[in-house]
Amino acid sequence: MSHFLKPALSVLVPLALCSACQSNTPAGADSEASTQATTVPADSAGTGKKYLAKPLIKEIYTADPSAHVFNGKIYIYPSHDIETGMPENDNGDHFAMRDYHILSMDSIGGKVTDHGVALDTKDIPWAGRQLWAPDAAFKNGTYYLYFPLKDKQDIFRIGVATSSSPTGPFKAQPKPIEGSLSIDPAVFTDTDGKTYMYMGGIWGGQLQRWRTGKYDASKPKEQEPGPTEVALGPKMARLSSDMLRFDEPVKEVQIVGQDGKPFLSGDTKHRFFEGGWMHKYNNKYYFSYSTGDTHLLAYATGDSPYGPFTYQGVLMNPVEGWTTHHSIVEVGGKWYIFYHDTELSGKTWLRNVKVTELKRKPDGGFETINP
Ligand code: FUB
C-alpha cells in the first residue's frame, strides 16, 4: 500500500471545485473568503458526513497550517496543495507543491484573507522540488518563513526566507540552513527569548535515511528501525540570534511512554512520524506530533525544550485523508488547534485547513478531539 493512502478513511468526495482552486493569486492581490470556523458539526453538502469545522478557505487547497498571532492578528502559514498529476507513491511525490500563500484573520471565525503568493520555488536558488509544511517566526523586526524543500540532489533540507511583513513576499536565503534535514520545521520561541527548531518526518520525509549521521540515498523506507528497535525521534536545534542558522549541533528528541521507556518503531500508535509542534503552557513544554500511518495526533510533555517528552495521549483522532498535521496557538486566552482534512476534494493530496478550539483538562492536558 502506498503509505500516503488510507483506504479505510479516504472517502472519495466528488471534486466539485472550480479551476480557481489551483489558481495562483499574485503577490499583494489579497482575496477574502467569508468562511466561518465552527465547533458545531457541519454537514458537508450532499455527503451526509459530519465535520467538526468548516474549511477556512475554499478558493485554493491548503494543508499543514502553522498558526501564529503577530500584532494581535492570526496568520496561518500552510502548504499550498495543487493537482500536478503525479501518481501517488511511497515517497509522497504527489505532494508536489510549488509555492506558499499566507492566510490571515482578525479573529477565530472571522473573514479569512488569502494574501497571494508569498514565496515560489522559482525564487529559491537551491530549489529542487516539493515545498512541504512551513512555519514562521518573528524576531528582530523581521518575519522568518522556514520551509522544507528537496534540493537539486532530491534531499529534503530546511530553508529560511525573510520579509518585513508577516504575509511576505519572502526572500529566500541563497542556501538551506546548514545541518538541516528532513521536513516539517516547527519553530518555538521560549519565554527566555531563545528559539528552537524541531524537524523531521519518516518515510517520504527521509528521516530514516539519516541514521548514520549522513544522508544515505541507497536506503529505502524499509531501512527505518525494525519493529522491536527504538523508534526514530524528531530532530531539533537552537537557532542563532539572527534566526538564519543553527547555533548548536542537531540533536534527536526523545519521546518516552509513561513507563519512561522510548517507544519502539513497531509501536505505530505512539511513535513519532512527522508534523511536530511545540508550545508551552504553565511552564511545561508540550510536544505534539503525527503518528503518520496510524493517523493520530499525539502529545507528550517535558520540563525542557530539549525533552525528554513523556507521552500523554491523543490530541485528535484521524481526520478524513491520509495525512494529519496541526499547530496549536493561544488566541485571546483560548487554545486552538489548526489542522487539515480532505473534505473539499476527497483526495489525500488536495487538503483544506480548519480550526477548532482545544479543551484543556485540569492538569493542562487535552480532551481528545473527534474531527
Ligand atoms: O504536506 C506534505 C506533508 O504531508 C507534510 O510535510 C507532512 O506533515 C504531511 O502533512
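The values are calculated or read from the model by the stated rules, or taken from the named source; none is laboratory data. The shown structure was predicted, so the numbers you read here are calculated from the model rather than taken from an experiment. All Cβ positions, even for glycine, are placed from backbone atoms using ideal geometry, and neighbour counts span all protein chains on display. What goes into the accessible areas is simple: the full protein's heavy atoms, side chains included, and nothing from ligands, DNA or RNA. Shrake-Rupley method; radii C 1.70, N 1.55, O 1.52, S 1.80 Å.
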* Among (1) in contact with a strand residue (DSSP E or B) (Cβ under 7 Å, 6 or more places away or on another chain); (2) within 26 Å of Phe263 (Cα to Cα); (3) within 16 Å of the ligand (Cβ to nearest atom); (4) not in a strand (DSSP E or B), which single condition is Ser345 missing? -> (2)
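Suppose the filter is touching a residue at least 60 places away in the same chain (Cβ under 8 Å), over 29 Å from Asp81 (Cα atoms) and assigned to a loop (DSSP other than H, G, I, E, B); does Pro305 pass it?
Working: touching a residue at least 60 places away in the same chain (Cβ under 8 Å): yes; over 29 Å from Asp81 (Cα atoms): yes; assigned to a loop (DSSP other than H, G, I, E, B): yes.
The answer is yes for Pro305.
When you check Leu207 against the structure, is it open to solvent by 10 Å² or more (accessible area, probe 1.4 Å), out of contact with any strand residue (DSSP E or B) (no Cβ under 7 Å at 6 or more places or on another chain) and within 16 Å of the ligand (Cβ to nearest atom), yes or no?
On the way: open to solvent by 10 Å² or more (accessible area, probe 1.4 Å): no; out of contact with any strand residue (DSSP E or B) (no Cβ under 7 Å at 6 or more places or on another chain): yes; within 16 Å of the ligand (Cβ to nearest atom): yes.
For Leu207, the condition - open to solvent by 10 Å² or more (accessible area, probe 1.4 Å), out of contact with any strand residue (DSSP E or B) (no Cβ under 7 Å at 6 or more places or on another chain) and within 16 Å of the ligand (Cβ to nearest atom) - is not met.
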* Of residues in the range 97-127 being touching a residue at least 40 places away in the same chain (Cβ under 8 Å) and outside any strand (DSSP E or B), the one nearest to the ligand (Cβ to nearest atom) -> Ile124
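Would you mind stating whether Thr167 is assigned to a loop (DSSP other than H, G, I, E, B), among the polar types (S, T, N, Q) and over 17 Å from Asn140 (Cα atoms)? Can you show your working first?
Details: assigned to a loop (DSSP other than H, G, I, E, B): yes; among the polar types (S, T, N, Q): yes; over 17 Å from Asn140 (Cα atoms): no.
Spelling it out, it is not the case that Thr167 is assigned to a loop (DSSP other than H, G, I, E, B), among the polar types (S, T, N, Q) and over 17 Å from Asn140 (Cα atoms).
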* Checklist (1) touching a strand residue (DSSP E or B) at 6+ places or on another chain (Cβ under 6 Å); (2) within 25 Å of Ser107 (Cβ to Cβ) applied to Gly276, failing item -> (2)
* Asked: Conditions: (1) surrounded by fewer than 21 Cβ atoms within 10 Å (Cβ to Cβ); (2) under 20 Å from the mean Cα position of the chain (by Cα); (3) not in a strand (DSSP E or B). Arg238 meets all but one. Number of the miss?
  -> (3)
* If you scan the range 250-293, which residues turn out to be free of Cβ contacts under 8 Å to residues at least 60 places away in the same chain, within 14 Å of the ligand (Cβ to nearest atom) and open to solvent by 30 Å² or more (accessible area, probe 1.4 Å)? -> none
* Asked: away from the ligand (no atom under 14 Å from the Cβ), surrounded by fewer than 19 Cβ atoms within 10 Å (Cβ to Cβ) and in contact (Cβ under 8 Å) with a residue 24 or more places away in the chain: does that describe Thr191?
  -> yes
